[in-house]
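The values are calculated or read from the model by the stated rules, or taken from the named source; none is laboratory data. All figures in this text were calculated on a predicted structure; none of them were measured in a lab. Glycine also receives a Cβ, built like all others from the backbone with ideal geometry; neighbour counts cover every protein chain displayed. Note: accessible area is taken over every heavy atom of the protein model, side chains too, but ligands, DNA and RNA are not part of it. Shrake-Rupley method; radii C 1.70, N 1.55, O 1.52, S 1.80 Å.
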Amino acid sequence: MAEKENGKLLTLGVDLGGTKVETALVDVTGRILASRRRLTHPEKGPDGVIAEIVACVESCVAEAGKRAQGIGVGVAGQVDRAGTVRFSPNLGWRNVPLKVRLEEALGMVVVVNNDVRAATWGEWQHGAGQGVDDLVCLFVGTGIGGGIVSGGRLLEGCHNTAGELGHLTIVRGGRHCHCPNRGCLEAYAGGWAIAERAQETVRADPQSGQRLVTLAGSIQQISAATVTQAYREGDAMASRLVEETAQYLAAGVVSIVNAFNPCFLVFGGGVIQGLPDYVSAIERPVRENALKAATENLRIVMAALGDKAGVIGAAALARHKIGKAM
Ligand SMILES: [Zn+2]
């Protein structure tokens, strides 16, 4: 029997990554009633991590003193329609039937999806994209992921992997990516790639890169966050790196808006949250280079839910699936 808050359905959202699992009990308005976060230990294998998820869920439910009708899980990795994690590099998982295992352990309906897809659903239903039927979310963190809502539907693709916008090719034969391709957007503008580019730039011109090295401690410790910090201090090399990153992002976004003609392009993820200047910096090059018809009604906005988009979206996805089944 469904436990309801003011007559409304409650669901749990779980955001599962390689370093932590976060769980939240969420109401129909996207409000978090209780939440819990624990470290994950992928070295314990799927059984250990699943036990950690179950403990996190049980502790969250106990704190709230309420029951949930279902659980949505967003996982960093490829997830098929049966809720099996086909591949998660962060967790070191291949073919883990997460939905089945959690339903057995928790006795509740479980919906498993990719974490970025869940975050897109969160921003669409409860964040920056509310009330819009056509939007694209682009999350720029260590990697770059995305989600596409078109005509009021979240695109899934043939094998449930639609939305891998970080792997759009922006430079043919360009920088090596972590995927088989070269020249991907992520290989230039993902957090790991910003760090790589910054380190190469400093090695080529150590004199101008002094501030970056001082902030990081050594060249190999320069990260995207170091670049952001030096940029804020007005460092010239960091400013050039940020400017170039914005141009790469704009190149990707031009292809995205030409392909999908969204009303909203929602930007989120750690790199963008760390430096919201990126959003305004790409506005002009996107409008100059994309098809006019594709950008006429386009708004480029910041994500609204921050790092809670994943749990809120996962819970909302579960509510959607349960609602359809009733
Ligand atoms: Zn790639």
Those residues that are open to solvent by 50 Å² or more (accessible area, probe 1.4 Å) and either small (Gly, Ala, Ser) or within 16 Å of the ligand (Cβ to nearest atom) (or both), I need them from region 209-221; list them, please.
GLY217
Residues that are surrounded by fewer than 24 Cβ atoms within 10 Å (Cβ to Cβ), within 21 Å of PHE267 (Cβ to Cβ) and away from the ligand (no atom under 16 Å from the Cβ): does region 138-151 have at least one?
yes
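What number of residues within region 80-100 satisfy the criterion of being in a loop (DSSP other than H, G, I, E, B) and of a type in the set (Lys, Arg)? Steps first, please.
Residues of region 80-100 in a loop (DSSP other than H, G, I, E, B): 80-84, 89-92, 97.
Going one step further and asking which of them are of a type in the set (Lys, Arg), we end up with 81.
Residues that pass the stated criteria total 1.
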Scope region 287-305; condition more than 22 Å from GLU123 (Cα to Cα), crowded, with 16+ Cβ neighbours inside 10 Å and not charged (D, E, K, R); matching residues:
ALA290
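State all residues of region 164-196 that are among the hydroxyl-bearing types (Ser, Thr, Tyr) and either in a helix (DSSP H, G or I) or at positive phi (or both); if no residue qualifies, say none.
Within region 164-196, the first condition is being among the hydroxyl-bearing types (Ser, Thr, Tyr), and the residues that meet it are 169, 188.
Residue satisfying the conditions is TYR188 alone.
Every residue, every condition in (1) assigned to a strand (DSSP E or B); (2) modelled with pLDDT of 95 or more; (3) within 15 Å of the chain's Cα centre (by Cα), yes or no:
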| position | (1), (2), (3) |
| --- | --- |
| GLY74 | yes, yes, yes |
| ALA105 | no, yes, no |
| VAL111 | yes, yes, no |
| GLY147 | yes, yes, yes |
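Residues are listed down the side, and each one gets a yes or a no for (1) in contact (Cβ under 8 Å) with a residue 24 or more places away in the chain; (2) under 22 Å from the mean Cα position of the chain (by Cα):
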residue	(1), (2)
TYR231	yes, no
PRO262	yes, yes
VAL271	yes, yes
ARG287	no, no
The lone condition VAL242 fails out of (1) open to solvent by 70 Å² or more (accessible area, probe 1.4 Å); (2) more than 19 Å from the chain's Cα centre (by Cα) is (1)
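Inside region 39-68, can you point out the residues that are within 30 Å of GLN130 (Cα to Cα) and open to solvent by 50 Å² or more (accessible area, probe 1.4 Å)?
If we filter region 39-68 for residues that are within 30 Å of GLN130 (Cα to Cα), which is where we start, we get 53, 56-57, 60-61, 63-68.
Residues satisfying the conditions are GLU63, GLY65, LYS66, ARG67.
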Starting from residues that are surrounded by fewer than 24 Cβ atoms within 10 Å (Cβ to Cβ) and not small (Gly, Ala, Ser), keep the ones in region 181-196 and report whichever is nearest to the ligand (Cβ to nearest atom).
ASN181
Kindly list the number of the only condition in (1) within 27 Å of VAL26 (Cα to Cα); (2) open to solvent by 10 Å² or more (accessible area, probe 1.4 Å); (3) assigned to a loop (DSSP other than H, G, I, E, B); (4) in contact (Cβ under 8 Å) with a residue 12 or more places away in the chain that fails for GLY129.
(2)
Please state which of the following conditions GLY163 fails to meet, knowing it meets all the rest: (1) open to solvent by 20 Å² or more (accessible area, probe 1.4 Å); (2) more than 11 Å from the ligand (Cβ to nearest atom); (3) of a type outside the set (A, V, I, L, M, F, W, C).
(1)
Hey, ALA224 hits all of (1) exposed (fewer than 15 other Cβ atoms within 10 Å of the Cβ); (2) within 22 Å of GLU186 (Cβ to Cβ) but one; which does it fall short on?
(1)
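Is there a residue in region 165-180 that is among the polar types (S, T, N, Q) and touching a residue at least 24 places away in the same chain (Cβ under 8 Å)? Spell out how you get there, then give the answer.
Start the filter on region 165-180 by keeping residues that are among the polar types (S, T, N, Q), which leaves 169.
When the remaining residues are screened for being touching a residue at least 24 places away in the same chain (Cβ under 8 Å), the result is none.
Checking region 165-180: not a single residue is among the polar types (S, T, N, Q) and touching a residue at least 24 places away in the same chain (Cβ under 8 Å).
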